Structure formats: structure tokens, C-alpha cells
Amino acid sequence: MKHKLTRLILLTFSVLVLAASCIEDGFTTSPADQPVFSTDTLDLGVVFTDEPTATSRMLVYNPHSKSINISSISLSGEGADNFRVNVDGISAGSFADVEVRSRDSIFVFVEATLPPNASTTPVSVRASLDFTTNGATRSVILSADGQNVHRLRAVTLEADTRLTADIPYQIYDSLVVAPGVTLTVDPGATLCFHDKAMLVVRGTLVAEGTPEKRISMSGDRTGNLVGDISFDIMSRQWTGAFFTETSVNNRLSHVDIKNTVQGVTVYGDGTSDRENPMLRLLNCRLRNSAYTVLESYHAAIRAVGCEFAEGGGGLVYLQGGDGVFNHCTFANYYLYSVLGGPALGFAHISADPETGLDDESGLPYLSADISNSIVYGNGTAFSHGDLTDTSVYLRRCLIKGEGEDDDNFLNILWDEDPLYYTVREDYYFDYRLKPESPAIGAADPALTLPEAASDGYGLPRGAAPELGAYVYVEPSDE
């Protein structure tokens, strides 16, 4: 019995020694054996100061035949205190003895909160994430640019107010313009709306940018969603802009409104007309909405040189009221769902309760004139293919789909591809025209309204203008 016990103890000891030896032999100790990083610089992009960034990540890979032991992972450099690190699910200020098995990898996650600075432009903050393995230290640069912002939280403007272009505005919950009050937005200003935030105009909005200093109203997410896909093309980041029945004399020029749930919605009472529209849009871009990019209910809208693009529920919906659309591009290549509506939807256009979609409001039926424009993209072009006995007219437009001219469709280019530069599968959206486009020089100059003399890039339309929002420019040889 005693001999058996002795043999058992010796066997157990041998197994433990062998196991320890195997474990010891399982790690490489050569300084030449180092981890491989998925990037040498982790750039968090431009972020708002005093606000946590989205989480960025990198991969640490061991390509060697044995495990490696990273003896230390730590932050260094002037900006080190502004960054936070999580290694393989554990958050800490520093890490010791991190094992990476052979041919395996770990994730490193990085966030930052940058302090306010004295600049109106983004200020770069950098740090180093140092990995020490087998006595050698290699580093990954962490970089972020801090942008100061004005923060507005559930603000109602009770007096005339001007928003300047010095630094962006970040808007939480809502920005409301009270009745009788005018909000003026300077050229080049940027309004960034947080999740579920909205702009509500009960008074007047005057936002008049220039080709060189466009005004931006968008979501407040910065950087990329994944890889090189920017948040710039993502819808549902904020609710949208709403103009109520008390709103008057709104003028938007060279304004980009994007990343919304509902785009721009205008509620009228049937009293605004073509000569005194409730909303004027000049060389604006309304794009990337989960539903429509523009809806109008019994209001007068005048849109010239505008781009209406990427709406999950269709692009423009007009119910009653009056609409003038001159040199506009309606293009739907929405990414994130099956399209739920046409490029142009009409309602309350006649007394017929079914085809005219009479809403029984007793207000005037829709009167609309769409001229020198392009209606082309995925999905259907119109909610109504027959506009007989209505006051909706399309004059000299390029339209997707086959058709014939009649009293409401006049001098139409039917089923011609305008040849945009847009490549949907590459997440590239540019609705200017390629050299072979049939829309080049195809507009009727007699229909070009005076304010359409130049496009959103400041280019003159000339005597033989293009259909749609943009003047054709020959590609450079470079």
C-alpha cells in the first residue's frame, strides 16, 4: 500500500512538472516575435468636446506558432488622459500579462472624451497605446479631433435670433421658433441634431447660405459607421423639420437637410399661394430620410434647383396646396429598406374620393407645376399615372418609365436614363450628370425661372440649360 501511494505521488508530481513544462514551452520569448495590429493609427475622427465618442476598435493578432504574452498595455503621451481602453472585454487604465494564443487575436476598444479648447476649428488630440512583448515595445497612435459646439436643449425662441457659423450647434430634444419670431441662420452654419431631436418652426426661418458656405442640418453622429461608410448617409438620426400653420415667409437657400426620420414637413391652412409661398427652397438638398424628404399639406411650396433624394417612403408628397418645382432632381436610391412610396406622391387633387384622394377638407385641390426636372431612380415615379382633369402639370421633364404626352405631361423625355454619377452599391451618391447624359442641354430655357440662373455649385445654367438641379461640367483630364 505504501509503495502504491509513493508511486501515485511521483506520478502526480511528474504530470504537474510535465504540464508546467508544456505551458512554459507554449510561449515564445523571442523579442522578434511580436503581435500584429490591424492598424498603426486608430483615428476616432472629428468629435464634439465634452461628449463621449463612439467606440472604435482594433485587432491584435498573433501570427506565431506559439502563444505570446503581452506583458504590458498602457497609454502614454500628452493626450493619454482623454482616452479609455478596453482589452478583450476588460476596462482598465493599464493591463499586464495579456495572453494571445497562437494564430488567435484579441480586440482592443477605444473611446475618448476631449476637453473644450480655445479654437473654432477642430483641435487634434493624440496619445500612444503601447504594447510591450518579450522586452520590445510597439505602439499604436490614437487620434481624435475635438470640435467645440454650442449646445441647445429644448429651446423655444421667443425673440428674433441669429445662429452664427463660428462653431456648430448641437441640438437636443427640440429647437422651436415661436409664432411671430424669425430665426436667421448665417451662411456656413452647421446644426447637428441629436437622436429624436426636431426643428419646429411656428414663426419664420431664414437660412440663406451660398455655394461656398452651405448651411447644414444633419444628425450629430460623426465619423464612420463601419469601415469607410460614413454616418453621413444614414437616416433616422433625428426626427426632422416641421413648419406649422402659423409659419410664414420661410426662405432656405443652399441648405442641406439630411439623416432624418421624416425630412421636412409643412402644414398649411390653404391660404398661402404661388406668389406668396409658405416655403421657398433654392438650391437645397433634402436627402436620406427613413420616410419622405418633403411633405406638404395644403401649403404653397416653391423649390428651384433642388435635389430630393433617398427616401424610404418616397421622396416628395403633396396633399392639396400649391407646388412649383423648377430644375429639380428627384432621385431615389435609398439603401436601408424596400421603397414604400413613389418619387412624387399626390393627394387631394380632385373631387374623386378614390383617384383624387379627396381629404374632405374643403380646401383647394392641389395645383402643381414641375418643369425642367428629372424624376428617375429606383421605385415608381408617380402615385398617379393619369392626371387628367387635375391642375398637376409636368413640363419638359425626364421621367423614368414609358408614357405618352397629354394635357398634363408636356414635351417629356420618357424612359431615358439621366446617367448620374451615383453608384449605390459603393455608397456613392452624386446626382450630377455624366458626359453621355440625355439631360445635358435638354431643358427648355423659356421654363427656367429667374432664380434658377445658377445651380447649387454656383455654375450658370446658360442659354442651353440641363434638366435637373445641376449644370453639366466636363470631366477634367486629371
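For a label point 7 angstrom out from the Cα of Trp414 toward its Cβ, which stretches of the stretch 362-398 have the backbone nitrogen within less than 11 Å? Under cut-off, by backbone N: nothing. Annotation for Tyr421 and Lys196: the two label points, set 7 Å from Cα along the Cα-Cβ direction, are 3.9 nm apart.
Kirkwood hydrodynamic radius computed over the chain comes to 25.8 Å, based on all pairs of distinct alpha carbons.
Phi angles across the stretch 436-446 convert, under the Karplus curve 6.51 cos²θ - 1.76 cosθ + 1.60 with θ = phi - 60°, into 3J(HN,Hα) values of 8, 5, x, 7, 5, x, 9, 6, 8, x, 5 Hz, Gly and Pro given as x.
Per-residue Karplus couplings for the stretch 125-136, computed as 6.51 cos²θ - 1.76 cosθ + 1.60 with θ equal to phi - 60°, are listed in order as 10, 10, 8, 10, 9, 9, 10, 9, 9, 6, x, 10 Hz, Gly and Pro entered as x.
Around the Cα centre of the stretch 234-302, unit charges on the Cβ atoms of Lys, Arg, Asp and Glu (plus for the first two, minus for the last two) sum to a dipole of about 360 debye. Working from Cα pairs under 8 Å separated by at least six residues, relative contact order for the chain is 8 percent. Calculated accessible area for the chain comes out at 46 Å² per residue, all protein chains present (probe 1.4 Å; ligands, DNA, RNA ignored). Quick one: if the Förster radius is 25 Å, what FRET efficiency do Leu459 and Glu436 give, using the C-beta to C-beta distance and rounding to 0.05? After rounding, the FRET efficiency stands at 0.80. Cα-Cα pairs above 18 Å in the stretch 130-221: how many percent? The proportion of pairs with Cα distances above 18 Å equals 54 percent.
Each peptide among 297-308, 238-249, 265-276 gets the average number of other Cβ atoms lying within 10 Å of its residues, and from highest to lowest they stand as 297-308, 238-249, 265-276.
Once you divide the Cα radius of gyration of the stretch 54-197 by 2.2 N^0.38 Å, the number left is 1.52.
Around the amide H of Asp256, modelled in the peptide plane, lie the amide H atoms of Ile215, Ser216, Met217, Arg285, all under 5 Å away and 5 or more residues distant in sequence or on another chain. Could you look at the chain and say what percent of its accessible area is carbon and sulfur, using a 1.4 Å probe and all protein chains? The C+S portion of the solvent-accessible surface of the chain is 52 percent.
Would you work out which of Leu163, Leu129, Ser119 lies farthest towards the positive end of the dipole of the stretch 109-239? Charges go on Cβ: Lys and Arg +1, Asp and Glu -1. Towards the positive end, the residue furthest out is Leu129.
State the extension gain, in nm to one decimal, for the chain segment bounded by Phe27 and Ser72, taking 0.36 nm per residue of separation less the distance between their alpha-carbons. Intermediate results must be reported in sequence, preceding the final value.
Numbers: separation 45, 0.36 × 45 = 16.20 nm, distance 1.56 nm.
This chain segment gains 14.6 nm when fully extended.
In this calculation the C-beta distance from Ser119 to Ser391 is compared with R0 = 51 Å, giving a FRET efficiency of 0.40.
Scanning residues 5 or more positions from Asp104 or on other chains, those with amide H under 5 Å from its amide H are Asn62, with H placed 1.01 Å from N in the peptide plane. Taking each residue as 0.36 nm, the span from Ser38 to Glu404 lengthens on full extension beyond its C-alpha to C-alpha distance by 126.0 nm. Projecting the Cα atoms of Val100, Thr422, Ser218 onto the charge dipole of the chain, computed from C-beta unit charges around the Cα centre, puts Val100 farthest toward the positive end.
Rounded to the nearest whole Hz, the Karplus-based 3J(HN,Hα) values (6.51 cos²θ - 1.76 cosθ + 1.60, θ = phi - 60°) of the stretch 30-46 follow the sequence 6, x, 6, 8, 10, x, 10, 9, 5, 8, 9, 9, 9, 9, 7, x, 7, with x at glycine and proline.
Gain on full extension, evaluated as 0.36 nm per residue between Ala165 and Val46 minus their Cα-Cα distance, stands at 41.1 nm.
The values are calculated or read from the model by the stated rules, or taken from the named source; none is laboratory data. Keep in mind it's a predicted model, so treat the numbers as computed, not measured. Using ideal geometry, Cβ is built from the backbone for each residue, glycine included, and neighbour counts are taken over all protein chains shown. Accessible surface is based on the protein model in full, side chains and every heavy atom, while ligands, DNA and RNA are left aside. Shrake-Rupley method; radii C 1.70, N 1.55, O 1.52, S 1.80 Å.
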